[in-house]
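Colleague: The structure under discussion is supplied below as structure tokens; questions concerning it will follow.
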Amino acid sequence: MTEQDTIRTYYERDHDRLDELFTTFQRLKRSDFARAKEAFKEFKVGLQRHIVWEEDLLFPLWKEKTGMSEGGPTFVMRAEHRQIGALLEAIHQKVAEGDPESDREEQQLLALLGAHNMKEERVLYPSIDHVTTEDERTLVYRQMQDIPEDRYRTCCGTHSH
Ligand SMILES: [Fe+2]
Ligand SMILES: [Fe+2]
């Protein structure tokens, strides 16, 4: 992250990075499955990490600053994370089996993720930037680095298949 990074710019960049990994997976899965699988693994671990960052750090900070939790935007975001996670696992299952026929699940995930990320980028992240100080955001970036990898590093490479 750079000095001037806001929550919005930092997290938006992570969304873009993840989108690119997923596109690589889709582009290569019928021609070079090994490379496609690598891209998918990086995407899955990265998305899981992104969700942990949001749920463990950003959303609690938002709640602390605004008093909003149930019924607020982060309540909806958490529910969407569960749906995103279910589709991610459905695709993961097929990738682990070497099966490229996951187009339907991929379309569902892209639709869900696209709408979800847009809401975060347009509404939630700017709101968090608005209610926090630069010091508080610096603390978030530091805490992000401190989250143990085993919270999010689970994919085809790390268990038996
Ligand atoms: Fe999210
Ligand atoms: Fe996000």
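The values are calculated or read from the model by the stated rules, or taken from the named source; none is laboratory data. Note that the structure is predicted; figures quoted are calculated from it, not measured. Cβ coordinates were reconstructed from backbone atoms using ideal geometry, including for glycine residues, and neighbour counts include every protein chain displayed. Ligands, DNA and RNA are stripped out before the accessible areas are found, and what is left, the full protein with its side chains, is counted by its heavy atoms. Shrake-Rupley method; radii C 1.70, N 1.55, O 1.52, S 1.80 Å.
Colleague: If I fit a long axis through the Cα atoms of helix 134-146 and take the longest principal axis of the Cα atoms of the chain, what angle between them do I get, 0 to 90°, rounded to 10?
Modeller: 30
Colleague: Angle check, please: helix 33-53 long axis (alpha carbons) against the longest principal axis of the chain (alpha carbons), in degrees 0 to 90, nearest 10.
Modeller: On a 0 to 90 degree scale, this one is about 20.
Colleague: Considering only protein heavy atoms and a probe of 1.4 Å, how much of the accessible area of the chain is carbon and sulfur, as a whole percent?
Modeller: 50
Colleague: Tell me the label-point distance for the pair ALA111, ALA79, using the 7 Å Cα-to-Cβ offset, in nm and rounded to one decimal.
Modeller: Inter-label distance under the simple model: 1.8 nm.
Colleague: Now for a different question. Using the Karplus curve 6.51 cos²θ - 1.76 cosθ + 1.60 with θ = phi - 60°, work out ³J(HN,Hα) for each residue of the range 6-20 in order, rounded to whole Hz, and write x for Gly and Pro.
Modeller: Couplings: 9, 4, 4, 5, 5, 6, 5, 5, 5, 4, 5, 4, 5, 4, 5 Hz.
Colleague: Once Lys and Arg get +1 and Asp and Glu get -1 on their Cβ, which of GLN26, THR132, GLY98 lies farthest toward the positive end of the dipole of the chain?
Modeller: Value: GLY98.
Colleague: Could you tally up the Lys pairs in the chain with alpha carbons closer than 15 Å? Skip any pair fewer than 8 positions apart unless they're on separate chains.
Modeller: Value for the chain: 6.
Colleague: Computed over the Cα atoms of the range 7-149, what is the convex hull's projected area averaged over all directions, in nm²?
Modeller: 8.4
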